[in-house]
Amino acid sequence: MPAPARTLDTSGRLCPFPIVETAKAVRSLDEGAVLLVISTDAGIATDMPMWCKATRNEHLGTFREGSAWKSFVRKRAR
Amino acid sequence: MQKQGKAIAMISGGLDSTLALALVRRQGIEVKAVNFYTGFCITETQRRKGGRADGSVPRNEALRAAADLEVDIEYVDISGSEYLDMLVHPKYGYGANANPCVDCRVFMMRKAKAIMEAEGADFIFTGEVLGQRPKSQRRDTLRIIERDSGLDGRLLRPLSAKLLPPTIPEQTGIVDRELLEAISGRSRQRQMELAKELGVVDWPQPAGGCCYLTDESFAKKFFDVLDTREAAGEERRIVPEDVVLLSTGRHFRISPRAKLIVGRSEVENALLEHHVPGRARLEAKDVLGPIALVEGEPTWEERMLAARIVARYGKGKDAPKVAVEWREGELVETYEVEPERDEARVEALRI
Ligand code: SF4
């Protein structure tokens, strides 16, 4: 996975807040930059790809690591 | 070329709102979806508790609908005190349970209106269907929601549009009224046909039911909190902590002065641990059992009763005596009690 420009830790937060925070973080990112989102809400594995599709950002992958999930998102170019 | 408009969609992710989204999208109108987080969402709570009984994790349906139709979506958190105050004092009253759907819709539409204005959008639309729900979707109620939210003429219901007066986007030609629907009532037959026509293949089954406020047993606990505060001479109100506790554990009204909450699972026990300050924490010693909290000012007898119920839900329920630890701030006491064996009594106390 490419090196993230920013890492967002949403551990302990539940649906829909990991996505709400992701949306905020992506807004402040440069186009093409990568955001790493850490989440403990299992729903992230389905939510993140869906959110990326809806908002036309690129979902690079979501991986489980112990009790947390790591999602990589690349901000779309306008 | 004024045709290319922009709209804000209020979506839940159910079939109706997904269809409304598809109907507007196919007219080439730019759409931004919004979904409101009230804090009473059952899906969210199921996730907090580690998924459903069968181990699956419920999907976020609003997100799914937006993704299927490639529509940008924004979550709006309205779970604060303004929303909670509305729940306690709804102008138009409650539905069958603790759901003040008319006031809730007005509340959401006002927020959506602010988003519409900020986004420079022309109108708002929803998946509401005329006559589908007994109270909140009657013709007069749909009109009240439009009027009270200040959205006169700018609130479109694509699924029932042909049965309602033309809205401004229909009059100005941003939306082609002919391509909208004339659905009313509870039958979902036309929706099924429309799903086929529009290529909508995925929606939640069974329909609806993501809001705790419409749940009967939740409503009992909700009104119990309000009534108890009022009886104690306090203001009738709900605070964010109540919302979490209302969907956690078994609740028992021990007396007008005391309520007992008993965890039903490891996850609920862990959750209750976060709400110990200001309450008494009960747990059986020496045997496995739930974490429980007592709110209020119980008498000695009421403490014993609470301890007996806690003992009854632990592994020591068949033992002659169980030691139950009572912690309240600095105070730590241990009560040797017989687990409560009178099931009818336990059930009678259940809220
Ligand atoms: S079901 Fe719940 S969220 Fe939906 S309108 Fe009624 S009170 Fe509001």
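Here is how the numbers come out for the structure above:
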quantity: Count of the stretch B:113-135 residues which are surrounded by 23 or more Cβ atoms within 10 Å (Cβ to Cβ) and within 14 Å of the ligand (Cβ to nearest atom); calculated: 4
quantity: The stretch B:274-300, subset under 28 Å from the mean Cα position of the chain (by Cα) and loosely packed, with under 12 Cβ neighbours inside 10 Å, residue farthest from B:Glu330 (Cα to Cα); calculated: B:His274
quantity: Residue within the stretch A:24-38 that is open to solvent by less than 30 Å² (accessible area, probe 1.4 Å) and within 11 Å of another protein chain (Cβ to nearest Cβ) present; calculated: no
quantity: Strands (runs of 3 or more DSSP E) contained entirely in the stretch B:261-351, each with at least 3 residues that are more than 14 Å from B:Arg250 (Cβ to Cβ); calculated: B:280-284, B:322-328, B:331-337
quantity: Test set (1) open to solvent by 50 Å² or more (accessible area, probe 1.4 Å); (2) in contact (Cβ under 8 Å) with a residue 12 or more places away in the chain - B:Leu226 fails condition number; calculated: (1)
quantity: Residue satisfying all of: in the stretch A:1-23; at pLDDT 90 or above and facing chain B (nearest Cβ under 9 Å); surrounded by the fewest Cβ atoms within 10 Å (Cβ to Cβ) among these; calculated: A:Ala23
quantity: Only listed residue being within 16 Å of the ligand (Cβ to nearest atom) and either hydroxyl-bearing (Ser, Thr, Tyr) or over 19 Å from the mean Cα position of the chain (by Cα) (or both), chosen from B:Arg138, B:Arg110; calculated: B:Arg138
quantity: Pair list, Cβ < 8 Å and 6+ apart or interchain, from the stretch B:76-103 residues that are more than 14 Å from chain A (Cβ to nearest Cβ) and hydroxyl-bearing (Ser, Thr, Tyr) to residues that are open to solvent by less than 30 Å² (accessible area, probe 1.4 Å) and in a loop (DSSP other than H, G, I, E, B); calculated: B:Tyr83/B:Thr38; B:Tyr83/B:Gly39; B:Tyr92/B:Pro100; B:Tyr94/B:Pro100
quantity: In the stretch A:44-62, the residues that are more than 7 Å from every other protein chain (Cβ to nearest Cβ) and not in a loop (DSSP other than H, G, I, E, B); calculated: A:Ile44, A:Ala45, A:Met48, A:Pro49, A:Cys52, A:Glu58, A:His59, A:Leu60, A:Gly61, A:Thr62
quantity: Checking A:Trp69 against (1) more than 8 Å from chain B (Cβ to nearest Cβ); (2) open to solvent by 60 Å² or more (accessible area, probe 1.4 Å), the condition it does not meet; calculated: (2)
quantity: Verdict on B:Arg257 being open to solvent by less than 80 Å² (accessible area, probe 1.4 Å), out of contact with any helix residue (DSSP H, G or I) (no Cβ under 6 Å at 6 or more places or on another chain) and not assigned by TED's automatic domain parsing to the domain that holds B:Gln46; calculated: no
quantity: Selected residue (criterion: farthest from B:Ile73 (Cα to Cα)) from residues of the stretch A:67-78 that are modelled with pLDDT of 90 or more and not basic (Lys, Arg); calculated: A:Ala68
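The values are calculated or read from the model by the stated rules, or taken from the named source; none is laboratory data. Here the structure is a predicted model, which is why all the values come from computation and not from measurement. Cβ coordinates were reconstructed from backbone atoms using ideal geometry, including for glycine residues, and neighbour counts include every protein chain displayed. To get the accessible areas, we keep the full protein, side chains included, count just its heavy atoms, and leave off ligands, DNA and RNA. Shrake-Rupley method; radii C 1.70, N 1.55, O 1.52, S 1.80 Å.
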